[in-house]
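These notes are about the structure you will find just below.
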Amino acid sequence: MEYLNTSFGDLLFIMFLVGLVVFVSLYYVDAGYGKMRSEKWGPAMNNKAGWLLMECPVFIVMLYEYFKSLPLYGGVTANAPYWIFLLIFEFHYFQRSFIFPFLLKGKSKMPFAIMIMSVIWNLINGYVQGYFLFHIAPQDPTYSHLYSTAWLTDPRFIIGTLIFFTGWVINMHSDHVIRNLRKPGDTNHYLPKKGMYKYVTSANYLGEITEWLGFAILTWSLAGLLFFWFSCCNLVPRSHAIYKKYEEEFQDEFDPKKLKRIIPFIY
């Protein structure tokens, strides 16, 4: 793994540290979007536009890194494992960038500051995932051997793919539950109770971190592990804030012995 001694390796290390800072910070400062929307984050924009703008960069960068690799490593990166990595990653982000924003209901806002920070992270993450998979891996002896066609029958690839799509189903269903808590014209707030919301208050976040755990396993890479790590650092403390908000808002319905934050039966 000679790439660890390069500037790319330094970037991985820095982003792991940034994730730790984010994790600690979000236990003291609420992320200013969604249920934690706050005026202190400054000017805001349309929520749908915000989601589209902050999610699509990673989709574009990943695609760019793949196609940029074809003239250089076309005989390798055109092989099935590489384009399956691309399809799995883009499968998530196509939905997140170009479908999810238009399913959102209401007229909520997203702070510009949150959108800009998310764009920066997504640009970096798209570069890290794409550059590793499509530029470093074809040249690295360990990964060029690992990502042969035989990788598609490797237990790590199979288990990781199953975990990824399990997380995707949890994520999609949880978003559906949240979107349909209220009927048209209803302005009341409700505690979600269907699907994985029977066990955790942030089932959509559970689905997302499960997806990226699967991606880290199916690629068996430090780049994928970084994505999983950063997802946890962002979503686990945010799930704590949502838990406390629900606990306060729905005192009569909330069962702290049954409901956890993001990991069923544990946290």
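The values are calculated or read from the model by the stated rules, or taken from the named source; none is laboratory data. It should be emphasised that the depicted structure is a prediction, and the values quoted were computed from it without experimental measurement. When we count neighbours, we look across all protein chains shown, and the Cβ atoms used for this are built from the backbone with ideal geometry, even at glycine.
Here are a few things to note about the model shown:
- Scan of segment 17-34 for residues that are touching a helix residue (DSSP H, G or I) at 6+ places or on another chain (Cβ under 6 Å) and either in a helix (DSSP H, G or I) or at pLDDT 95 or above (or both), ordered by number: Gly19, Val22, Phe23
- Screening the candidates Ser7, Ser69, Ser108 for the property of being more than 23 Å from Glu211 (Cα to Cα) and in contact with a His (Cβ under 6 Å, 6 or more places away or on another chain) yields one hit, Ser69.
- Selected residue (criterion: surrounded by the most Cβ atoms within 10 Å (Cβ to Cβ)) from residues of segment 240-262 that are part of a helix (DSSP H, G or I) and hydrophobic (A, V, I, L, M, F, W, C): Ile242
- In segment 174-197, the qualifying residues are those that are out of contact with any Lys or Arg (no Cβ under 8 Å at 6 or more places or on another chain) and in a helix (DSSP H, G or I), and the one that is surrounded by the fewest Cβ atoms within 10 Å (Cβ to Cβ) is His176.
- Every residue from segment 240-264 that is under 13 Å from Lys198 (Cβ atoms) and either hydroxyl-bearing (Ser, Thr, Tyr) or modelled with pLDDT of 95 or more (or both): Leu259, Lys260, Pro264
So that you can scan it fast, the table gives a plain yes or no per residue for (1) without any contact (Cβ under 8 Å) to a residue 24 or more places away in the chain; (2) over 20 Å from Val169 (Cα atoms):
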| position | (1), (2) |
| --- | --- |
| Gly214 | no, no |
| Ile217 | no, no |
| Leu222 | no, yes |
| Ser231 | yes, no |
| Asn234 | no, yes |
| Glu248 | yes, yes |
| Asp252 | yes, yes |
| Arg261 | no, no |
